[in-house]
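The values are calculated or read from the model by the stated rules, or taken from the named source; none is laboratory data. Keep in mind that what you see is a predicted model, and the values were worked out from it rather than measured. Just the protein is used for accessible areas: all its heavy atoms, side chains included, with ligands, DNA and RNA removed. Shrake-Rupley method; radii C 1.70, N 1.55, O 1.52, S 1.80 Å.
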Amino acid sequence: MFWNILGIILLISFLYPILQRKILEQERLRLIHGIERKRRTRVIIMIHRQEAMSFFGFPLVRYITIEDSENLLRAIRLTPDDVPIDLILHTPGGLVLASEQIAHALKKHPSRVTVFVPHYAMSGGTLIALAADEIVLDSFAVLGPVDPQLRTAHFQYPAVSIVQALQQPNPHRDDELLILGDIAGKAIEQVKHTVEDLVQDTVSREQIPEVVKHLSEGCWTHDFPIFYEKLKEIGLPVKEGLPEDICELMKLYPQPPQTSPSVEYIPGPYRPFRKNPKKK
C-alpha cells in the first residue's frame with residue numbers, strides 16, 4: 001500500500017510541471033489570439049529570460065541567436081503583405097547578424113510594424129526596434145545604444161574606445177592592436193550605416209544624424225538605459241503606454257523559479273490605508 005501511494009506521488013510530481021506548462025502555453029495562445037483579433041495584426045513574440053543551469057545553478061542569460069532570426073523570419077514570411085505586425089520584444093540583445101536580419105525583414109514588410117517594449121530591448125533589441133513604424137514603451141521601459149563591441153581573447157571593448165585609444169601617441173603598439181583598431185573603425189561605420197538605413201522612413205532627415213550619433217557613436221556605455229523622453233527628443237517614433245493585454249501576456253512568460261523570490265508584494269491594485277501627504 002505504501003509503495004502504491006509513493007508511486008502515485010512520484011507520478012503526480014512528474015506530470016504536474018508538464019501539465020502546468022501546457023496550461024501556460026494554452027493561456028498564452030488564447031491571449032495572443034485575443035490581441036490579434038482586437039488589433040487585426042499578426043503578433044510575434046521574442047522574449048529572453050534568464051535561465052538557471054539545472055545542475056550548477058549559475059545564471060545563463062538568453063540572447064538573440066541565429067535560431068531566433070530563423071524563426072522570426074519564418075513568421076514574417078508567413079504573414080500576408082496586407083497584415084500589420086506587432087512584435088513584443090524583451091531582450092538584452094545578442095548577435096549582430098541575427099539582429100540585422102530580423103530588422104531588415106521587418107523593415108521590408110509592406111504593412112505597418114509596431115514594436116512593443118514592456119521592460120527593455122537593449123543592443124540588438126534596439127536595432128530591431130528601429131525597423132518599426134512605431135515603438136511603444138511601457139513607463140520606464142528602455143532601449144539602449146547599438147555601438148559595436150569587439151571581443152578579444154580576454155576582454156570585450158567598445159569599438160569607439162579602441163579607435164580613440166589609437167589616436168593617442170604611442171610608438172610601441174603591436175600589430176594586433178592596430179588590426180583591432182582597423183576592425184573597430186569598420187564596425188562603427190557598418191553600424192552607423194545600418195541605423196541610418198533603418199530609420200530613414202520614420203525619422204526626419206534633419207534628425208537622422210542625431211539618432212545615429214546617440215545610438216552608434218559611443219556617447220554612452222553600451223548598457224546605458226535610454227528612456228522614452230530621450231528617445232522622443234532625438235526623433236525616434238516612440239509612444240508611451242503599453243496596452244493592458246500585452247502587460248498581461250508578459251505575466252505568462254515567468255522567470256524560471258528560484259528557491260526564494262527576490263521581489264515580493266501583494267498582487268493587484270493597491271489602495272492606501274490612509275491619505276498620505278504628497279511628496280514635496
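Two numbers describe the Cα atoms of segment 96-227: Rg and Dmax, which are 16.1, 55 Å. Rolling a 1.4 Å probe over the protein heavy atoms leaves GLU134 with an accessible area of roughly 50 Å². Here, segment 90-156 yields an orientationally averaged convex hull projection of 4.9 nm² when only Cα atoms define the hull.
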